[in-house]
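*Asks:* Okay, handing you the structure first.
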Amino acid sequence: MRWYYTVAAFVAGWVLAMTLAATPYGGDIAQVVGPGTIAQLQTPWGVRMAFSPFWEAWQVVDAVFYDRPKIDHTRMIKGAVEGMLATLGDKYTFYQEPEKAKQTSDDMQGKTVGIGIYLRITDGNAFVWKPIPGAPAIKAGVRHDDQIIAVDSVQITPLITGKTIDEASVSIAALVRGRQGTNVSLTLRRGTALPFTLTITRAEFVLPSVEWQTLPDNIAYIHISEFKTNTPEILAKGMQKFAETKPRGYILDLRHNPGGLLDSAQGVLGLFYDGTALYERRATSLLSEFHTTPSNPSIPFPTARVVVLIDGNSASASEIVAGAMRDRYPDVQLVGTQSFGKGIVQNIYPLSNGGTIRLTISQWLTPNQNAIHGIGLTPDIVVDDDATATANAPCVTDRKPEGTATLCRDPQLKTAIGLIP
């Protein structure tokens with residue numbers, strides 16, 4: 001048993017030295033034994049042993065890593081959470097830091113306070129991708145492709161150097177957003193001209209997710225760019241007007257729509273029919289049926305022909321709507337190209353630090369119980385967005401005619417119009 005006493009004596013000596021001696025580790029044992037141990041005791045009993053290596057690693061880093069300024073507990077926690085989620089192998093499951101989580105939540109509500117611009121980050125520089133109609137920025141004279149040099153004298157290029165596009169966008173948005181009624185100064189460069197500064201008053205504005213217009217020959221055109229909280233409410237106003245004019249047909253444009261809220265998709269479908277919106281399969285493999293959300297009973301369901309436009313950027317909630325419309329609505333045809341193929345559902349779970357985890361919880365299927373994840377929806381009529389096509393379609397959304405032309409190049413829309421009897 002002599003080896004036991006030898007080891008015991010060594011350990012006792014090491015602890016005493018770590019605690020009392022003037023060594024590079026002097027005093028660190030208090031940190032190693034202290035905070036991590038308390039945190040581990042707060043870990044649920046069933047996984048406490050599994051978490052032991054994590055807390056041991058945390059304690060050692062916190063106690064003895066030589067370059068003390070590089071120890072950032074916030075970043076350590078972020079890295080730990082991101083690493084845990086990465087082991088699931090699901091690119092749709094991820095962590096959002098508090099500022100990004102707040103911005104996402106504001107955006108999905110369909111309205112926010114700020115100046116109203118979409119950003120484009122290119123080669124370490126920030127540009128205005130487009131100002132939002134009706135928002136303060138466009139009223140102040142901000143234009144598409146203006147380069148943002150500074151916000152309230154904070155230079156943008158040094159601020160975003162070395163950051164990902166997402167991190168850069170969050171940093172800029174944090175400067176631009178603020179309390180309603182306050183001012184923010186933007187220093188911009190337009191083309192090769194000298195920089196200039198605009199002072200803009202922040203205000204609440206609606207993030208547009210729905211546009212509608214009447215095309216020639218009384219065809220109702222609806223474009224949904226994303227499924228936000230207020231999307232069904234806004235669309236209902238358009239559907240009410242169309243009910244009064246009795247269109248010959250409807251074109252629902254879901255191109256470049258990345259998705260959004262499941263509740264919003266159910267609400268949009270509730271303006272077209274009453275019935276199954278989708279089926280959902282969770283870990284139990286049992287199917288749950290989700291219905292359309294009833295719309296305002298004063299708005300009748302459309303009875304005219306409906307054509308739905310999709311493309312490779314139509315994903316998630318937009319695929320739910322397109323697939324359900326084809327399965328359950330009379331004579332619907334999909335026109336365009338194969339959709340993205342995101343047939344899984346995420347839920348957002350708030351964390352105590354203000355961040356969120358977006359976690360995949362289920363797979364969805366169309367009302368006819370067709371799975372589309374990794375597959376997408378195949379159009380009934382495949383039409384590419386041919387760059388050489390003739391400009392012979394009405395100009396919708398952001399499309400602008402070239403030169404003196406009055407029509408735009410949009411072969412997919414042109415095909416959809418041709419399907420309306």
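The values are calculated or read from the model by the stated rules, or taken from the named source; none is laboratory data. Since this is a predicted model, take the numbers as computed values, not measurements. All Cβ positions, glycine included, derive from the backbone under ideal geometry; neighbour counts span all protein chains shown.
*Asks:* Just to be sure before I move on: is Arg282 closer than 23 Å to Thr366 by Cβ, surrounded by 15 or more Cβ atoms within 10 Å (Cβ to Cβ) and basic (Lys, Arg) in the structure I sent?
*Replies:* no
*Asks:* Of a type in the set (Lys, Arg) and not in a loop (DSSP other than H, G, I, E, B), is that true of Arg326?
*Replies:* So Arg326 fits the description; yes.
*Asks:* Continuing with this model, one more query. Across the stretch 190-229, which residue is farthest from the chain's Cα centre (by Cα) among those that are of a type in the set (Ser, Thr, Tyr), modelled with pLDDT of 95 or more and within 30 Å of Leu175 (Cβ to Cβ)?
*Replies:* Thr197
*Asks:* If you don't mind, there's one more thing I want to ask. Just to be sure before I move on: is Phe290 within 18 Å of Pro232 (Cα to Cα), surrounded by fewer than 19 Cβ atoms within 10 Å (Cβ to Cβ) and at pLDDT 95 or above in the structure I sent?
*Replies:* no
*Asks:* Looking only at the stretch 373-393, count how many residues are in a loop (DSSP other than H, G, I, E, B) and under 11 Å from Ile310 (Cβ atoms).
*Replies:* So the answer is 6.
*Asks:* If we keep just the residues of the stretch 21-40 that are loosely packed, with under 13 Cβ neighbours inside 10 Å and closer than 23 Å to Gly83 by Cβ, which is modelled with the highest pLDDT?
*Replies:* Checking each candidate, the answer is Ile38.
*Asks:* If the Cβ limit is 8 Å and pairs must be 6+ apart or interchain, which residue in the stretch 94-110 that is assigned by TED's automatic domain parsing to the domain that holds Arg179 and closer than 14 Å to Leu351 by Cβ pairs with which residue that is modelled with pLDDT of 80 or more and of a type in the set (Phe, Trp, Tyr)?
*Replies:* Nothing qualifies.
*Asks:* Go through (1) part of a loop (DSSP other than H, G, I, E, B); (2) more than 23 Å from the chain's Cα centre (by Cα); (3) over 18 Å from Thr231 (Cβ atoms) for Ser288 and report which single condition fails.
*Replies:* (1)
*Asks:* Let me ask something additional. Would you mention how many residues in the stretch 330-341 are crowded, with 19+ Cβ neighbours inside 10 Å and over 21 Å from the mean Cα position of the chain (by Cα)?
*Replies:* Result for the stretch 330-341: 5.
*Asks:* Look through the stretch 123-147, keep the residues that are in contact with a Phe, Trp or Tyr (Cβ under 7 Å, 6 or more places away or on another chain) and among the hydrophobic types (A, V, I, L, M, F, W, C), and return whichever of them is surrounded by the fewest Cβ atoms within 10 Å (Cβ to Cβ).
*Replies:* Filtering the stretch 123-147 for residues that are in contact with a Phe, Trp or Tyr (Cβ under 7 Å, 6 or more places away or on another chain) and among the hydrophobic types (A, V, I, L, M, F, W, C), the one surrounded by the fewest Cβ atoms within 10 Å (Cβ to Cβ) comes out as Trp129.
*Asks:* Is it true that Ile357 is within 24 Å of the chain's Cα centre (by Cα), modelled with pLDDT of 90 or more and outside any loop (DSSP other than H, G, I, E, B)?
*Replies:* yes
*Asks:* I'd like to check something: does the stretch 389-411 contain any residue that is within 28 Å of Ala283 (Cα to Cα), modelled with pLDDT of 90 or more and in contact with a Leu (Cβ under 7 Å, 6 or more places away or on another chain)?
*Replies:* Scanning the stretch 389-411 turns up no residue that is within 28 Å of Ala283 (Cα to Cα), modelled with pLDDT of 90 or more and in contact with a Leu (Cβ under 7 Å, 6 or more places away or on another chain).
*Asks:* Looking at the structure I just gave you, is Ala315 touching a residue at least 24 places away in the same chain (Cβ under 8 Å), in contact with a helix residue (DSSP H, G or I) (Cβ under 7 Å, 6 or more places away or on another chain), among the hydrophobic types (A, V, I, L, M, F, W, C) and outside any strand (DSSP E or B)?
*Replies:* Answer is no for this residue.
*Asks:* Something else now. For residues that are among the hydroxyl-bearing types (Ser, Thr, Tyr) and surrounded by fewer than 17 Cβ atoms within 10 Å (Cβ to Cβ), scanning just the stretch 342-361, find the one that is farthest from Phe94 (Cα to Cα).
*Replies:* Ser352
*Asks:* Which ones in the stretch 52-80 are more than 22 Å from Thr356 (Cβ to Cβ), assigned to a helix (DSSP H, G or I) and not aliphatic (A, V, I, L, M)?
*Replies:* Ser52, Pro53, Trp55, Glu56, Trp58, Gln59, Asp62, Arg68, Pro69, Lys70
*Asks:* Which ones in the stretch 269-285 are over 23 Å from the mean Cα position of the chain (by Cα), hydrophobic (A, V, I, L, M, F, W, C) and over 21 Å from Ile251 (Cα atoms)?
*Replies:* Answer for the stretch 269-285, where residues must be over 23 Å from the mean Cα position of the chain (by Cα), hydrophobic (A, V, I, L, M, F, W, C) and over 21 Å from Ile251 (Cα atoms): just Ala283.
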